[in-house]
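Participant: Once you've had a glance at the structure underneath, I'll fire off some questions.
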Amino acid sequence: MKLTQTETGQKHMAQTNKTTNKLTNIDLSIQISLSGLSFCILNTDTNTVIELREVIFEKRLNPLEALDELKSLFTKENALQSNFKNVIIIHDNDLATLVPKSLFNKNHLAEYLKFNSKILKSDFIAYDPIQENTSVNVYIPYVNFNNFIYEKFGAFVYKHVSTVLIENILQIEKESETPKVFVNISTNHFEILVTEKEQLNLYNSFSYSTKEDFIYYILFTAEQLNLDPESFQLVLLGDVDENNELYEIAYKYIRNISFGKRNSQYKYIAKPKSEYSNFALLNSF
């Protein structure tokens, strides 16, 4: 059975395991990109993260190759053999665009995407409503991943990574009065969000291969929004620390740099690298 789009553009959460129909207190979230995979398992009774794993590919894969990696992960990881109450998939790609809710029409999804993404007539297009800034995120999920997860677990929820980032960052920034540039760093790509006074001024994603690429896109974005590198605050999330070359080159050009913090209060058996790593994955529940 293949997935079909629902009225809201999302799937209902799985309440039971597909094969056993046995209720559990364990939730699973998987983040999928063509550069790597990560997953997190949360015990909802104790609010404890009991598993947190990440697989970085040696090179950027195509969707079929990445699906093989996901299948291999399910074969090797005993933790993924559990029964899960809820299953969440986060699609991490650059095939997304934001549309103001007032202009959104579900009958014209391809029209929204065609201006900044290469799409095919056969592409399945989904959308996530974002309440925090009254917009709708229109995107292309990896359907082959969705079908694999559906076959294993039945109904589940899937979202785009930018949906999770925007929702959580805007919640964190409710009391902020100053412009901030958030950069969520992954292997070979990053997402950038610019906020000011609870508003999202910009969202975009970029691929990079060098530290010079990385800082160029940040400074270019700042220039387009008339943000002064001497005054705006750059907030780093994801796979980065003070010893990382990306941090070092950003510090060279931008005066105010800090690391963010996830908007979650979990206990950990499997601890993340930092308070700002795995930002989307750990904020997806």
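Participant: Would you work out the relative contact order for the chain, in percent, from Cα pairs under 8 angstrom that are 6 or more residues apart? Can you show the working numbers first?
Facilitator: Numbers: 527 pairs, mean separation 55.1, N = 285.
Relative CO of the chain lands at 19 percent.
Participant: In what sequence, highest mean first, do 224-234, 174-184 appear when ranked by Cβ atoms within 10 angstrom?
Facilitator: On the way: 224-234: 14.6, 174-184: 17.2.
Going from most to least packed, we get 174-184, 224-234.
Participant: Restricting to DSSP loop positions (anything but H, G, I, E, B) with no more than 15 other Cβ atoms inside 10 Å of their own Cβ, which trypsin sites (Lys or Arg not before Pro) remain in region 185-285? It would help to have the intermediate numbers written out before the result.
Facilitator: Details: sites: LYS197, LYS211, LYS252, ARG255, LYS261, ARG262, LYS267, LYS273; in loops: LYS197, ARG255, LYS261, ARG262, LYS273.
Sites meeting the loop and neighbour criteria: LYS197, ARG255, LYS261, LYS273.
Participant: Could you check the spin-label model distance between GLU230 and TYR253? Points 7 Å from the Cα along Cα→Cβ, value in nm.
Facilitator: Between GLU230 and TYR253, the label points sit 1.8 nm apart.
Participant: So how far apart, in nm, are the two label points at ASN107 and GLN171 if each is 7 Å from Cα heading toward Cβ?
Facilitator: Reported label-point gap for ASN107 and GLN171 is 3.5 nm.
Participant: Per residue, how many Å² of accessible area does the chain show with a 1.4 Å probe? Display every interim value, and only then the final one.
Facilitator: Details: 14290 Å² over 285 residues.
In whole numbers, the chain has 50 Å² accessible per residue.
Participant: For ASN25, project a label point 7 Å along Cα to C-beta. Then give me every residue of region 54-88 with its amide nitrogen under 16 Å of that point.
Facilitator: Output list for this probe position: 83-86.
Participant: For the ranges 157-169, 91-103, what's the packing order if you count other beta-carbon atoms within 10 Å of each residue, average per peptide, and put the highest first? Before the final figure, lay out each step's value.
Facilitator: Details: 157-169: 23.6, 91-103: 18.1.
Going from most to least packed, we get 157-169, 91-103.
Participant: May I pose another question? Take every DSSP beta bridge with both residues inside the chain and express the antiparallel ones as a percent of the total, to the nearest 5. Walk me through the numbers before you get to the answer.
Facilitator: Numbers: 40 of 62 bridges.
Rounded to the nearest five, the antiparallel share is 65 percent.
Participant: Using unit Cβ charges (K, R positive; D, E negative) and no other charged atoms, how large, in debye to the nearest 20, is the dipole of the chain about its Cα centre? Don't skip to the answer; put the middle values down first.
Facilitator: Working: 28 positive and 35 negative charges, 213 e Å.
So the magnitude is around 1020 debye.
Participant: Another question about this same structure. Roughly speaking, to the nearest percent, how much of region 151-243's 1.4 Å accessible area is carbon and sulfur? Before the final figure, lay out each step's value.
Facilitator: Numbers: 1650 of 4060 Å².
For region 151-243, the apolar C and S fraction of the accessible surface comes to 41 percent.
Participant: Hey, got a sec? Which chymotrypsin sites (Phe, Trp or Tyr not before Pro) in region 65-136 land in a DSSP loop and have at most 12 other Cβ atoms within 10 Å? Display every interim value, and only then the final one.
Facilitator: Values: sites: PHE74, PHE84, PHE104, TYR112, PHE115, PHE124, TYR127; in loops: PHE84, PHE104, PHE115, PHE124.
Those that pass, being in a loop and sparsely packed, are PHE115.
The values are calculated or read from the model by the stated rules, or taken from the named source; none is laboratory data. All values reported here derive from a predicted model rather than from experimental measurement. All Cβ positions, glycine included, derive from the backbone under ideal geometry; neighbour counts span all protein chains shown. Please note that ligands, DNA and RNA were not included when accessible areas were found on the heavy atoms of the full protein model with its side chains. Shrake-Rupley method; radii C 1.70, N 1.55, O 1.52, S 1.80 Å.
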